[in-house]
Amino acid sequence: MPEATTRKVAIYARTNQDPRTVSEYRRLQTQIDLCLSVAESHGVSTDDIHIYKDEGLSGSAKSAPNLDKLLSKIAEYGSIYVSSLTRISRDGIRAAEAINRILSSATTIWCCDTGEQITNLKKPSIIAKRD
């Protein structure tokens, strides 16, 4: 089990559909609850968790306002939790740029649906995966 971090952590969640019609797995609160559960299992206090979410935003959009806000503050965070890497972006280039920016800041990414810690982009198929 990973040790608790002394830096704050962030959760990022995104859904591209109207919240009344999106499947349970992709609902923002479901994504957030999964990430909270994993972060807490890593020893993270809920007081140290900041949540960023973009609702009703396509994963292929050129800009995601709250993801951009998170990335602008990336140095503050020790870890970023996402339910799936596809939540960052469906656009492979945009996703890779965001992931590289996170990793180059010495911030870890936790993909909560698999429990996997992302340390590099050796698995680009994860980004392109459809859910």
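The values are calculated or read from the model by the stated rules, or taken from the named source; none is laboratory data. This one's a predicted model, so the numbers in the text were calculated from it and none came from an experiment.
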**Prompt:** Looking at region 1-87, what strands (runs of 3 or more DSSP E) fall wholly within it and have at least 3 residues that are charged (D, E, K, R) and modelled with pLDDT of 80 or more?
**Reply:** 49-55
**Complete:** Restricting region 103-131 to residues that are of a type in the set (Ser, Thr, Tyr) and either at pLDDT below 65 or part of a helix (DSSP H, G or I) (or both), the one farthest from Ser79 (Cα to Cα) turns out to be Ser125
